[in-house]
Every structure is written in C-alpha cells, then in structure tokens.
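S.K.: Quick one: structure below, then a few questions.
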Amino acid sequence: MNPHSPAPPATAITGRAETPIAFVKAIVQAYTQRGMDPLPALTEAQIAPKNLQQPDARITALQMEWLSATAMRGLDDEALGWFSRRLPWGSYGMLVRASLTAPTLGVALARWCRHHGLLTDDIHLQITIEDGVAQLQLHEYRALGTLQEFAVVSVLRNALGVACWLTDSRIPLLQTTLRFAPPHHADSYRVLFDGPTQFNAPVHSLHFDAGYLSLPVRRDEAALQRMLQRALLLTVRPYRRDRLLVEKVRQTLAEHPEHSRNADDLAAWLNLSARTLHRQLKEEGASLQQLKDAVRRDLATDLLLRTQRPIKQIAAEVGFQNEKSFMRAFKGWTGQTPEEFRLAKTP
C-alpha cells in the first residue's frame with residue numbers, strides 16, 4: 001500500500017461497481033479530520049459527491065485505487081486516518097521489503113506482523129496455527145471508532161494481498177471473522193473476501209490452510225520495485241495460480257497411494273474435479289504424470305539406498321506392474337539402472 005503511480009488519468013471507468021460507498025466516506029472523514037477538502041480527490045477518482053448520500057452506492061475497484069492513491073499522497077498517510085498517528089509515505093513498502101528475504105511465507109508474515117507493531121500500537125497482528133488452519137488475527141488496542149470497518153478490512157486485505165504476491169500464489173480463505181455487526185453493505189463481503197464471512201465474531205481474522213505458510217517467498221527487490229508502482233492492486237488482484245496444489249498432490253501421491261490410481265480418485269480426495277486438477281497443475285507448469293514420476297523416483301531411490309530389497313520387490317512397492325518397466329523408467333530418471341545406482345551409492 002505504497003502507491004507511486006501518477007495521478008489517475010481522466011479515462012473511462014471500467015469494471016463492476018462493487019466497492020461500498022462507506023469506504024469512500026471513511027476517506028472523506030480522514031480529510032475532514034485534517035481540515036482538508038476531499039473534493040479534488042473525489043473529482044480525480046470520478047466520484048460524484050452526491051453519491052456519498054446514497055447508502056447503496058458503489059464504486060469500481062479502479063476508482064477506489066485512484067481515490068486511495070490520491071488520498072495517501074494528499075494526507076501523507078498510508079493508513080488514511082485509521083490510527084492515532086499517520087503512517088508516512090513508504091511505510092507499507094518498508095514492511096514488504098523487511099519480509100522479502102524470508103525463506104517461507106510463514107517467516108515473512110511473522111516479520112510483517114512484528115514490524116507492523118513498530119508503525120502503530122493501535123492494533124496488533126499475529127499468526128496462529130491450529131489443526132492445520134492458519135489465522136491472521138487483528139486485535140484492536142485502541143477503539144477505531146467510525147473508521148473501524150474500513151481500517152480492519154483494508155489491513156487484512158492488504159496483508160493477504162502481500163502474502164499472495166510474495167508466494168505468487170492464490171491463497172483461498174476458509175473463513176473471515178469480524179468483530180463488528182453486519183454493515184448495510186454486507187453483501188459486498190462476498191467480493192471483499194472469498195469464503196464465508198462471520199460478523200459479531202470474537203476476533204478479526206482470516207483463516208486459510210496452514211500449508212501455505214511453508215511456501216517459499218518467490219519475489220526479489222526488482223519485483224518489489226515493479227509492484228510498488230501500483231501496490232494497491234495487491235488488495236484486488238485475483239490470483240489464479242495456487243502454488244500449494246503441487247505440494248498437496250505430491251504429498252497425497254506419497255502418503256495415500258490408494259487415492260492415486262487415477263486422476264478422478266486423486267481429484268476427489270483433494271475436493272476438486274479432475275478437470276480443475278489438470279488445469280491448475282498446468283498453470284503451475286506441472287502435470288500429474290510428472291508428479292507421479294517424481295514421487296516414484298524419490299521412493300525408489302530411498303528404498304534402493306536404505307534397504308537391500310530385491311529390485312522386483314521395489315518395483316512393485318513403487319507402483320510398477322513389472323520389474324522391466326520399472327528399470328526402464330528408473331534409467332530415464334537417473335541415467336542408471338537400479339543396480340548401477342545402488343552400487344554407485346554404496347560406500
């Protein structure tokens with residue numbers, strides 16, 4: 001959330017109008033609190049002031065990006081008035097940079113939460129894990145008042161956007177929980193967060209599969225510089241790629257071979273259709289056959305090195321119908337026959 005893009009051009013508005021006008025009113029309130037006129041910012045974003053009086057009014061994601069970018073520059077506050085002290089230009093970019101060198105998303109998000117506390121102590125972010133589900137929790141240490149909804153939604157969506165960007169992966173939400181009551185525009189939450197949203201909950205949080213925390217961080221400084229040109233897109237960009245799927249398929253093939261006989265069985269085990277499984281693997285640059293071969297190869301090499309079992313027995317355990325087809329496949333994987341591989345690795 002550190003947009004460095006120039007002022008939005010006077011261009012036609014595209015996209016569906018799904019962002020509630022309440023968020024626009026929250027930005028207007030930030031201007032009012034500073035004794036500043038919000039009209040120029042509204043004009044740049046092509047938002048008619050009269051719409052502020054219509055509770056059901058909506059704007060597009062592009063208009064929200066324009067308005068937020070203009071307001072952050074004008075207010076010199078990337079928090080847009082949420083907190084007791086402003087977050088000067090570059091604050092959120094600094095958080096991303098501090099997380100960039102983390103080996104995994106789990107480490108990156110832990111750094112993000114810790115360093116966010118250096119920017120403001122009005123809220124506290126933390127990552128928890130229970131029963132395979134990760135929670136990104138937001139705790140309020142100071143009442144956020146009428147800006148509560150906009151602040152909480154923005155911080156959570158920004159953190160999720162950064163997590164997706166760092167891993168270059170879609171991270172589907174299992175659930176979103178929010179402490180406040182359902183707002184007038186509660187129907188907008190189906191767009192703001194995927195998965196079910198629970199209001200009047202004990203804590204603000206995003207729930208997702210903890211497996212994503214093990215994904216490697218895939219970005220570098222050059223990618224960060226490009227991202228900061230339009231960082232607000234992190235909160236609205238719909239990632240299609242799901243990096244965790246390859247790991248889940250690999251794990252299932254290794255640990256549950258009974259569900260791996262064919263694509264239909266494997267897809268059902270993963271709660272996907274076979275078509276979706278193949279499509280998402282293709283988006284990842286992988287295929288089911290490649291992953292099967294990789295798992296078979298790893299298991300075969302482990303058995304060859306760790307045991308003295310006959311080749312025929314290893315072939316059957318790895319999933320080949322006969323020794324000859326196993327030997328042919330193994331030589332294709334390693335350039336050696338199983339016997340040659342075993343002898344070469346034996347001290």
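The values are calculated or read from the model by the stated rules, or taken from the named source; none is laboratory data. Predicted model only: the values in this text are computed from it and were never measured. Every residue, glycine as well, gets a Cβ built from its backbone with ideal geometry; the counts of neighbours run over all protein chains shown.
S.K.: Go over the candidates ALA329, ALA294, ALA254, ALA268 one by one and state the one that is touching a Phe, Trp or Tyr at 6+ places or on another chain (Cβ under 8 Å), of a type outside the set (Asp, Glu) and not in a loop (DSSP other than H, G, I, E, B).
M.R.: ALA329
S.K.: Hey, can you tell me all the residues within the stretch 297-314 that are over 14 Å from PRO257 (Cβ atoms) and either among the β-branched types (Val, Ile, Thr) or in contact with a Phe, Trp or Tyr (Cβ under 9 Å, 6 or more places away or on another chain) (or both)?
M.R.: ARG297, THR301, LEU304, LEU305, THR307, ILE311, LYS312, ILE314
S.K.: If you check every pair at least six apart or on different chains, which have Cβ atoms under 6 Å apart with a residue in the stretch 249-262 that is free of Cβ contacts under 8 Å to residues at least 12 places away in the same chain first and a residue that is of a type outside the set (S, T, N, Q) second?
M.R.: HIS259/ASP265; HIS259/LEU266; HIS259/TRP269
S.K.: Looking at (1) in contact with a Lys or Arg (Cβ under 8 Å, 6 or more places away or on another chain); (2) under 20 Å from ARG218 (Cβ atoms); (3) modelled with pLDDT under 95, find the lone condition where ALA102 falls short.
M.R.: (3)
S.K.: Tally up the residues in the stretch 37-53 that are closer than 22 Å to GLU149 by Cα and surrounded by 13 or more Cβ atoms within 10 Å (Cβ to Cβ), please.
M.R.: Qualifying residue count for the region: 7.
S.K.: Looking at the stretch 173-185, can you tell me whether even one residue there is within 30 Å of THR101 (Cα to Cα), basic (Lys, Arg) and in the same structural domain as GLU149 (by TED's automatic domain parsing)?
M.R.: no
S.K.: Looking only at residues that are of a type in the set (Ser, Thr, Tyr) and more than 17 Å from the chain's Cα centre (by Cα) in the stretch 79-100, which one is nearest to GLN126 (Cα to Cα)?
M.R.: Filtering the stretch 79-100 for residues that are of a type in the set (Ser, Thr, Tyr) and more than 17 Å from the chain's Cα centre (by Cα), the one nearest to GLN126 (Cα to Cα) comes out as SER91.
S.K.: Further, regarding this structure: When you go through LEU118, LEU173, LEU160, LEU125 one by one, which is the residue that is surrounded by 15 or more Cβ atoms within 10 Å (Cβ to Cβ) and over 14 Å from the mean Cα position of the chain (by Cα)?
M.R.: Details: LEU118 fails: surrounded by 15 or more Cβ atoms within 10 Å (Cβ to Cβ); LEU173 fails: over 14 Å from the mean Cα position of the chain (by Cα); LEU160 fails: over 14 Å from the mean Cα position of the chain (by Cα).
Going through LEU118, LEU173, LEU160, LEU125 in turn, the sole match is LEU125.
S.K.: Could you grab me the full set of residues in the stretch 39-63 that are part of a loop (DSSP other than H, G, I, E, B) and more than 21 Å from HIS184 (Cβ to Cβ)?
M.R.: Selection gives ALA45, GLN46.
S.K.: Hey, among the residues in the stretch 54-82 that are polar (S, T, N, Q) and either out of contact with any Lys or Arg (no Cβ under 9 Å at 6 or more places or on another chain) or surrounded by 23 or more Cβ atoms within 10 Å (Cβ to Cβ) (or both), which one's nearest to ARG16 (Cα to Cα)?
M.R.: So the residue we want is GLN63.
S.K.: Please give the number of the condition ASN322 fails out of (1) of a type outside the set (Ser, Thr, Tyr); (2) more than 15 Å from LEU253 (Cα to Cα); (3) loosely packed, with under 13 Cβ neighbours inside 10 Å; (4) within 38 Å of the chain's Cα centre (by Cα).
M.R.: (4)
S.K.: Just to check your reading of the model, which residue among LEU95, LEU136 is closer than 21 Å to PHE193 by Cα and assigned by TED's automatic domain parsing to the domain that holds VAL217?
M.R.: Result: LEU136 is the single residue among LEU95, LEU136 that is closer than 21 Å to PHE193 by Cα and assigned by TED's automatic domain parsing to the domain that holds VAL217.
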